[in-house]
Amino acid sequence: MPEEFRSLSELLGLVKGAIKKELPGQYWVIAEIMELRENRHCYLELIEKNEENDSLVAKIRATIWASRYGMLRPFFEASTGTVLKSGIKILCKASVEFHAQYGFSLNITDIDPSYTLGDLARKKQEVILRLRREGVFDMNKELPFPLVLQRIAVISSETAAGYGDFMDSLLKNRHEFSFHTTLFPAVMQGDEAPGSISSAMELIYESESEYDCVVIIRGGGSKADLESFNHYDLAYFITQFPLPVITGIGHERDESVADMVAKHGLKTPTAVAEFLVDHLLAFEFRLSALLDRLSSSVKNRVQHESAQLQRYQGDVMHLSRALLQKQSEHLLHTEQHLQRELAMHLEKLRDYLNLLDKQRELVDPQNILKRGYSMTLMEGKSLFSIKDIKPGSILETRLYQGRIISKVEHISENNGKRED
């Protein structure tokens with residue numbers, strides 16, 4: 001057995017003494033809260049991560065005893081607007097403690113809220129810069145609103161007071177506009193909020209054609225509750241959503257990243273309801289204006305066409321009178337022309353009849369007989385040749401004055417030759 005030896009407690013006592021000697025005072029330490037439990041006292045797990053690859057560099061337990069915690073917590077929350085919780089960085093004043101049974105730990109006696117404020121602002125700014133760098137920051141803003149916003153997909157906690165205010169303002173609006181809302185329940189604060197809201201949006205996406213826009217609303221709360229809406233994943237999901245997103249998450253002074261990337265960011269759920277009502281009212285005004293324009297246009301057109309018809313009526317009457325006058329003159333001219341043509345035709349007919357009458361007189365047998373000719377008939381028929389005459393035939397010779405009845409005794413032929 002060695003001549004000199006120590007018990008474990010003696011060795012650890014030496015360690016405690018060495019720490020007290022080497023680290024006698026208190027130190028300001030920057031660390032991230034990994035875990036936090038409250039049981040009168042506050043028990044924390046503090047860590048440090050590598051900024052390049054986010055790997056764990058250091059880890060230690062810490063305690064804020066109840067006597068200090070009762071003062072530090074309300075001061076921190078009032079100053080930062082957020083609660084002490086996992087995931088945030090703090091600048092704390094602490095002493096190094098060592099206990100033989102529990103090992104190393106830090107005893108925190110003070111926290112500087114300004115550092116946490118700066119760190120939260122830095123994280124928020126990093127999210128904004130990342131979204132801008134990726135070129136997606138304004139994507140949802142660039143989506144046009146439909147002419148009518150009536151089919152509303154609402155993401156909220158069903159029991160939230162803000163949801164009740166929103167529904168009352170929307171459905172009981174003074175203009176009695178009709179809206180159709182569908183609630184997609186989600187956790188609206190805490191670490192689960194970003195994932196829960198994104199899951200609700202995924203459900204809306206499955207039937208996006210049934211909605212005109214998405215509304216994300218929650219009631220009032222502490223500034224700490226707003227941190228959920230600065231989460232990169234939620235903000236990115238909003239930028240990529242195919243429907244316009246309207247936010248009303250209940251903060252009058254602060255604007256979250258979700259507000260910034262949404263199509264329209266409003267302060268309260270009631271303001272969102274008023275915006276939807278005003279949007280529909282503006283559409284009604286546009287319809288009224290269009291109706292007035294249409295009515296005025298129709299009235300002007302009717303007046304113009306009526307005046308045109310009156311002008312046409314006057315023109316038709318004038319043209320009709322002119323046409324009737326022209327046609328009347330044409331008929332008169334035609335009548336006169338026909339009368340002249342008829343008179344000339346009748347005159348020609350009279351001349352022709354006179355000629356025929358003269359011709360008739362010339363061939364009248366009586367006039368021929370009067371000139372010294374005679375006409376021989378046999379049995380009442382004129383004779384042109386002697387072939388039908390026989391000796392003994394009775395002939396009648398007609399003269400201008402009187403007639404001669406003779407009996408044929410001899411017939412001679414001269415073959416048509418004239419005898420001198």
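The values are calculated or read from the model by the stated rules, or taken from the named source; none is laboratory data. Here the structure is a predicted model, which means the values were calculated and not measured. Using ideal geometry, Cβ is built from the backbone for each residue, glycine included, and neighbour counts are taken over all protein chains shown.
Structure summary
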quantity: Conditions (1) closer than 30 Å to PHE75 by Cα; (2) not assigned by TED's automatic domain parsing to the domain that holds SER156; number of the one not met by LEU234; calculated: (2)
quantity: Residue in the stretch 259-281 that is among the hydrophobic types (A, V, I, L, M, F, W, C) and in contact with a Lys or Arg (Cβ under 6 Å, 6 or more places away or on another chain) present; calculated: no
quantity: Residues (in a helix (DSSP H, G or I) and aliphatic (A, V, I, L, M)) located in the stretch 351-384; calculated: LEU353, LEU355, LEU356, LEU362, VAL363, ILE368, LEU369
quantity: Qualifying residue in the stretch 264-271 (condition: over 18 Å from PHE166 (Cα atoms) and in a loop (DSSP other than H, G, I, E, B)); calculated: no
quantity: Residues satisfying the stated conditions in the stretch 382-396, i.e. more than 14 Å from VAL408 (Cα to Cα) and surrounded by 10 or more Cβ atoms within 10 Å (Cβ to Cβ); calculated: SER382
quantity: Test set (1) of a type in the set (Phe, Trp, Tyr); (2) under 30 Å from SER9 (Cα atoms); (3) not assigned by TED's automatic domain parsing to the domain that holds GLN26 - PHE145 fails condition number; calculated: (2)
quantity: Neighbours by Cβ (under 6 Å, 6+ apart or cross-chain): first from the stretch 17-45, farther than 14 Å from CYS92 by Cα; second of a type in the set (Phe, Trp, Tyr); calculated: ILE19/PHE98; ARG37/TYR43; HIS41/TRP65
quantity: Criterion (in the same structural domain as PRO194 (by TED's automatic domain parsing), without any contact (Cβ under 8 Å) to a residue 24 or more places away in the chain and buried (at least 17 other Cβ atoms within 10 Å of the Cβ)) met by exactly one of GLY265, GLY250; calculated: GLY265
quantity: Residues being closer than 16 Å to THR247 by Cα and among the polar types (S, T, N, Q) - total across the stretch 157-179; calculated: 2
quantity: Set ARG61, ARG122, ARG37: member being outside any helix (DSSP H, G or I), charged (D, E, K, R), exposed (fewer than 12 other Cβ atoms within 10 Å of the Cβ) and not assigned by TED's automatic domain parsing to the domain that holds TYR236; calculated: ARG37
quantity: Every residue from the stretch 152-163 that is exposed (fewer than 15 other Cβ atoms within 10 Å of the Cβ) and either free of Cβ contacts under 8 Å to residues at least 24 places away in the same chain or closer than 15 Å to ALA273 by Cβ (or both); calculated: THR159, ALA161
quantity: Test: residue in the stretch 203-211 that is of a type in the set (A, V, I, L, M, F, W, C) and closer than 24 Å to ILE128 by Cβ; calculated: no
quantity: Meets criteria (more than 30 Å from TYR43 (Cα to Cα), surrounded by 15 or more Cβ atoms within 10 Å (Cβ to Cβ) and in contact (Cβ under 8 Å) with a residue 24 or more places away in the chain) for LEU106; calculated: no
quantity: Filter pass, SER114 being in contact with a helix residue (DSSP H, G or I) (Cβ under 8 Å, 6 or more places away or on another chain) and in a helix (DSSP H, G or I); calculated: yes
quantity: Some residue of the stretch 297-315 being within 24 Å of the chain's Cα centre (by Cα), modelled with pLDDT under 85 and more than 30 Å from SER156 (Cβ to Cβ); calculated: no
quantity: Flag if ILE19 is assigned by TED's automatic domain parsing to the domain that holds LEU120, β-branched (Val, Ile, Thr) and under 19 Å from LYS123 (Cβ atoms); calculated: no
quantity: Residue within the stretch 4-17 that is in a strand (DSSP E or B) and aromatic (Phe, Trp, Tyr) present; calculated: no
quantity: Scope the stretch 89-100; condition out of contact with any Asp or Glu (no Cβ under 6 Å at 6 or more places or on another chain) and at pLDDT 85 or above; matching residues; calculated: ILE90, CYS92, ALA94, SER95, VAL96, GLU97, PHE98, HIS99
quantity: Matching option when the condition is within 27 Å of ASP191 (Cα to Cα), of a type in the set (A, V, I, L, M, F, W, C) and either surrounded by 10 or more Cβ atoms within 10 Å (Cβ to Cβ) or touching a residue at least 40 places away in the same chain (Cβ under 8 Å) (or both), among PHE76, PHE98; calculated: PHE76
quantity: Pairs, first surrounded by 15 or more Cβ atoms within 10 Å (Cβ to Cβ) in the stretch 131-151, second acidic (Asp, Glu), C-beta under 7 Å, six or more apart; calculated: PRO146/ASP212; LEU149/ASP212; GLN150/ASP212; ARG151/GLU210; ARG151/ASP212
